[in-house]
Amino acid sequence: MSLSPEILWSGLGWPLIRLILFISLGLFVGNIVEGLRWTRAMGKVATPLIRAGRLKDISGASFALAFFSGVAANSMLSEAYEKGEISDRELVVSNLFNSLPTYFLHMPTVFFIAAPFIGSVAFIYVGLTLLAAFVRTAAIVLWGRFALPEDKVCGNVLSKLKEQESKSFSEILAKALKRLKKRLPRVIYITIPIYIVFFFLRQYGYFEAFQAYLSDHLTFLSWLNPKIFGVIAFSIAAEFTAGLAAAGALLGAGTLEPREIVLALMVGNILSTPMRAVRHQLPYYAGIFRGKMAIKLIIYNQGLRAVSLMLVGAVYFVVTM
């Protein structure tokens, strides 16, 4: 079956051009938002949370610093641990606690990448992952409350935020352009091939066969619409952008409903946990923490993250039935 130029343009050419334009704009705006450090205001909630979690001054300072640099925040914890200023348990709790500011640090970019692919559905997906981050934080505060000693808890951490060097808008703009040039090619290299593959798979009927194969082999997900398995497969095997590209192609074609897109991205996010731990977190943590501690922190981080996403995803599934 040959495809006419009209079908190729309306189904593939124009949607891809429009998508790349919106991705470029989204990445640029997201980088500017991050550079403006809008998360500075979130530091105001740090003091009562850290006191509630019975964390020490060094942990509070690390939490504040994590709003701007996860590497710097974890390096501060690692140095304190090596000096014996915090125990193994305090290190684990403090490191997990930093997941909230780290999430806020990158959330603008995540949203502005997702929005061009899945439109308004991005608000739901990012909102659910944000809710999962708050669930994790509440669990960590309770853990610290009952597992850590009450003495030497943290004071006010806002002074640490004031030490952060402010940047002019021209510097922020230059950095945003630099990051855009670095990241955009990688996103495009992932997006275009996947979008084209999904277009032809759908046009020639191979996509249905692919869905049937995945539904037969992912039997523990039989309660889901088989059409979402393509999104899940790309989310597991490749990057987050690949899953979004697959979701955007199916959403644009009317193959999946917004609810199914959200569930597919949530399931893909959860199942890709081992891949994410090995590919992204292991090299980073191994350079900051020593040996077994690095592995231990990765397991705690990814495990708690997966559990919180499963909990939030299950609630969304039930509520939207």
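At-a-glance table
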{"read-out": "Extension gain (nm, one decimal) between residue 281 and residue 134, 0.36 nm per residue minus Cα-Cα", "value": "50.8 nm"}
{"read-out": "The range 254-321-the range 166-185 distance, computed between alpha-carbon centres (Å)", "value": "28"}
{"read-out": "Probe 1.4 Å, all protein chains present, accessible-area order of 183, 89, 290, largest first", "value": "290, 89, 183"}
{"read-out": "Surface accessible to a 1.4 Å probe, residue 171 within the full protein complex, Å²", "value": "100"}
{"read-out": "Largest-first ordering by accessible area, 1.4 Å probe, given options 229, 28", "value": "28, 229"}
{"read-out": "Ranked by how many other beta carbons lie within 10 Å on average, peptides 128-136, 8-16, 309-317 from highest", "value": "128-136, 309-317, 8-16"}
{"read-out": "Projected label distance in nm at residue 310 and residue 142, using a 7 Å step from Cα toward the beta-carbon", "value": "1.7"}
{"read-out": "Rough spin-label spacing in nm, given labels placed 7 Å along Cα→Cβ, for residue 175 and residue 106", "value": "1.7"}
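The values are calculated or read from the model by the stated rules, or taken from the named source; none is laboratory data. What you see is a predicted model; the values in this text were computed from it and never measured. As a convention, Cβ positions derive from the backbone with ideal geometry for all residues, glycine included, and neighbour counts pool all protein chains shown. With ligands, DNA and RNA removed, areas are computed over all heavy atoms of the protein, side chains included. Shrake-Rupley method; radii C 1.70, N 1.55, O 1.52, S 1.80 Å.
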